[in-house]
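Rule-based calculations on the coordinates, nothing more; no lab input. Being a predicted model, the structure only gives us computed values, none of them experimental. No Cβ is skipped: glycine too gets one built from the backbone with ideal geometry, and neighbour counts run over all protein chains shown.
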Amino acid sequence: MQILIITQRWYPDTFGGSEHVAAQQARRLAQRGHQVVVITERAREVLPSYEVVRNPSQPPLTLRGGDQLEPPLRVRGGEGELRIYRYGSSAQFARFGGLSRTDLKEVPKILKGLSPKHSQGLALFDVAILHHPFPAQGFFKANLKIPALYLFHASTASEAEVEGIKKFPISSGQTESPRHSRDNFQFPIFSSLLARAFSLWAYRVERNVLTKSDRIAVLSDFSAQTVKEYYPEAAKKITRIPIGIDTEQFKPADQKRAREKLGFAQDRKIILTVRRFTPRMGVSRLIHAMEDVLERMPDAQLLIVGEGPLKAALQAEIQLRRLQSKVTLVGAVPISDLPLYYQAADLFVLPTVAFEGLGMATLEALACGIPVVGTPVGATSEVLGALDPALITRGKDADAIAQGILDFFARPLDERAKLRKKAREIAEKNYNWERAIDELEEVIKTLKH
């Protein structure tokens, strides 16, 4: 099939779960012989606007880059191909609502370049898989009459109310002393109003996209319930599909050797999180929780892998709390190195504050045989309930996160070893990419004209 995938974010251009899902689906569909075309934002100026992935099964990817818009070619010899088109610039993204406005403008433009006439568009693509509402809205503006599956990761509109700082950044230095505030992010009134305005706009766009999509795929019961609650008119279109983890790449390994490769001390209790640095992800609360953890467990070390708009604020908080020797912002990690961080850890923590559609990092940790302590937010309870419900914290505040960490390390060593084994078994049984792509193919085949 000729498959079009439109996504606001793409891994490894940016760091996060939804882009990881979009990238894995695209690459694995291409491996199966489909011709896959991806349209996504140009997250960094150094990224080419056009790439062809000749062998999508081999990481790191071998890419041919350029800036000329080339129409996709039919698959020859039964071999699939993955083509990536990127749009936008830092100047466009810097405007008010710049990312979303750019999506609405540039996605139809690229589609028009790929298929100058609507009849050609129908010939080029059998089905579209859409991620994120604003680029999906851009797709519908092009009026190509291609059947569409929308993958609902979470409500972008609801997230915007929590993550206003992402759309409307304010200067750092407005935090209280960490000893007097549980959450160190305060927003001026005008930023809150802008965030609210953006959220209302996002709700309208999201509703329109869900209404126009032929089917709506969700990855968890939580996401299905979110659609039913916010957009009940779209509930009849919901279909649940599984998600996968690369269990060959993310797998258990000798902890001592992993720490040696990364240069980590062998005598530390290493706690890991992998997050995008936005308020919803709860990284600030985890940093605060480490104060309580270290009082009881001074040999603990927190590693925070990721990137995002709050990086400078989080680094400042670490310094204000005088945790520099115990808490490290690692930054973004190449996908080839990421398994080492899981393998070196004793525990993974998912401190989400709101709207956890599934949690790809949780699945990666489980695949590496690493137990996970997570807040009772979104689909986390669904995932961790299969491992041990006691790993779900009693709340999402810093105190509850700290207690969850301490409770885990209070368990006997043999019990922790059993959890590691069970974590891997759950990943292999419940999160298999081959099965996930099988079911995705079945869904999109039903949409094909």
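How would you rank 251-257, 287-293, 266-272, highest first, on the average number of other Cβ atoms within 10 Å across their residues?
Output ranking for 251-257, 287-293, 266-272: 287-293, 266-272, 251-257.
Work out the FRET efficiency for Arg240 and Asn143 from their Cβ-Cβ distance, taking R0 = 41 Å, and round it to the nearest 0.05.
After rounding to 0.05, the efficiency reads 0.90.
Ranking request for peptides 143-154, 401-412, 224-235, 369-380: highest mean number of other beta-carbon atoms within 10 Å first, then the rest in descending order.
Going from most to least packed, we get 369-380, 143-154, 401-412, 224-235.
Going down the table (Lys237/Lys396; Lys256/Lys418; Lys112/Lys145; Lys261/Lys429; Lys105/Lys236), which pairs top 22 Å between alpha carbons?
From the list (Lys237/Lys396; Lys256/Lys418; Lys112/Lys145; Lys261/Lys429; Lys105/Lys236), the Cα-Cα distance tops 22 Å for Lys237/Lys396; Lys261/Lys429; Lys105/Lys236.
Quick one: plug the Kirkwood hydrodynamic radius of segment 298-337 (C-alpha pairs) into Stokes-Einstein at 10 °C, 1.306 mPa s, and report D in µm²/s.
145
Between Tyr230 and Lys421, what is 0.36 nm times their sequence separation minus the Cα-Cα distance? Round to one decimal in nm.
64.9 nm
When the convex hull of the C-alpha atoms of segment 255-430 is computed, what volume per residue in Å³ does it have?
Roughly 107 Å³ of hull volume per residue.
Find how much the distance from Ala94 to Lys261 grows on full extension, using 0.36 nm per residue of separation minus their present alpha carbon separation; answer in nm with one decimal.
Full-extension gain reported as 56.2 nm.
Please report Trp433, Trp10, Trp201 as a ranked list, fewest other C-beta atoms within 10 angstrom at the top and most at the bottom.
Trp201, Trp433, Trp10
So what J values fall out for segment 272-280 if you push phi through Karplus, 6.51 cos²θ - 1.76 cosθ + 1.60 with θ = phi - 60°, rounded to Hz, Gly and Pro as x?
10, 9, 10, 8, 8, 7, 10, x, 4
To the nearest Å, what is the center-to-center distance of segment 85-99 and segment 318-396, using C-alpha atoms only?
31
Assign one of three labels to segment 369-448, namely rounded, prolate or oblate, based on the Cα gyration tensor with a ≥ b ≥ c the square roots of its eigenvalues; rounded applies when a/c is under 1.5, prolate when it is not and a/b is larger than b/c, and oblate otherwise.
It is oblate, given that a/c is not under 1.5 and a/b is not larger than b/c.
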